[in-house]
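Engineer: Quick one: structure below, then a few questions.
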Amino acid sequence: MKYLVAVAIGAIFGLGIVLSGMADPAKVMNFFDLAGSWDPSLAFVMAGALLVTGPGYVLVQRRRKAPVFDDGFHIPAKGRIDARLVGGSLLFGVGWGIAGFCPGGSVPALGLGHREAFVFFAALVVGMLVARRLLRMNVFSLSVRPA
């Protein structure tokens, strides 16, 4: 049952990515092209996702002590900003802006047969393996707390 639910949720997510145009790298790159052919529609996709997720997250947290298929919610510690978070965020943004894909959008794009998605996904896997290696070497140990 756990895997069936995961497949259903993944299919809903993928359908949303495809219908919103986020599987099209040109649309995503036009969102980041503020001085040229800027396409603000991606902001509406993000806002819509936040409008659904935000209240849903709060509602689930209040009504349940744990998710259906886990022993508890895994919530990041508040107020902790470290080199790993900042560096990962920067790399994510740069990669998204250059390639036009984020990890979530690349999977449905693979299903649509976008050749660029296959190259992106291969690079994503290599990047994840390199990151895992760097984490094992404890390269990202610096922590900074906000004022």
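The values are calculated or read from the model by the stated rules, or taken from the named source; none is laboratory data. Remember, predicted model here, so these are calculated numbers, not experimental data. A quick note on method: Cβ atoms are made from the backbone with ideal geometry, for glycine too, and the neighbour counts reach across all protein chains shown.
Engineer: Under 8 Å between Cβ atoms, which residue pairs at least 6 apart in sequence (or on different chains) link something in segment 104-123 that is crowded, with 18+ Cβ neighbours inside 10 Å with a partner that is among the polar types (S, T, N, Q) and assigned to a helix (DSSP H, G or I)?
Structural biologist: Ala117/Ser106; Phe120/Ser106
Engineer: Any residue that is in a helix (DSSP H, G or I), under 21 Å from Val28 (Cα atoms) and not basic (Lys, Arg) - is there at least one of those in segment 131-144?
Structural biologist: Our first condition is that a residue be in a helix (DSSP H, G or I); within segment 131-144, this holds for 131-136.
Applying the additional criterion that residues be under 21 Å from Val28 (Cα atoms) yields none.
Within segment 131-144, not a single residue is in a helix (DSSP H, G or I), under 21 Å from Val28 (Cα atoms) and not basic (Lys, Arg).
Let's see how each residue does on (1) in contact with a Gly (Cβ under 8 Å, 6 or more places away or on another chain); (2) surrounded by 10 or more Cβ atoms within 10 Å (Cβ to Cβ):
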{"site": "Val5", "(1), (2)": "no, yes"}
{"site": "Ala11", "(1), (2)": "no, yes"}
{"site": "Met22", "(1), (2)": "yes, yes"}
{"site": "Val28", "(1), (2)": "yes, yes"}
{"site": "Phe32", "(1), (2)": "yes, yes"}
{"site": "Leu42", "(1), (2)": "yes, yes"}
{"site": "Gly56", "(1), (2)": "no, yes"}
{"site": "Arg62", "(1), (2)": "no, no"}
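Engineer: Within segment 70-101, how many residues turn out to be part of a loop (DSSP other than H, G, I, E, B), modelled with pLDDT of 85 or more and either exposed (fewer than 12 other Cβ atoms within 10 Å of the Cβ) or basic (Lys, Arg) (or both)?
Structural biologist: Residues flagged as part of a loop (DSSP other than H, G, I, E, B), modelled with pLDDT of 85 or more and either exposed (fewer than 12 other Cβ atoms within 10 Å of the Cβ) or basic (Lys, Arg) (or both) within segment 70-101 amount to 3.
Engineer: Is it true that some residue in segment 32-43 is polar (S, T, N, Q), assigned to a helix (DSSP H, G or I), under 25 Å from Gly127 (Cα atoms) and out of contact with any helix residue (DSSP H, G or I) (no Cβ under 6 Å at 6 or more places or on another chain)?
Structural biologist: Filtering segment 32-43 for residues polar (S, T, N, Q) gives 37, 41.
Adding the requirement that they be assigned to a helix (DSSP H, G or I) leaves 41.
The next check asks that each one be under 25 Å from Gly127 (Cα atoms); those that pass are none.
No - not one qualifying residue is present in segment 32-43.
Engineer: Hey, can you tell me all the residues within segment 1-48 that are of a type in the set (Phe, Trp, Tyr) and touching an Asp or Glu at 6+ places or on another chain (Cβ under 8 Å)?
Structural biologist: Of the residues in segment 1-48, the ones of a type in the set (Phe, Trp, Tyr) are 3, 13, 31-32, 38, 44.
The answer is Phe31, and nothing else.
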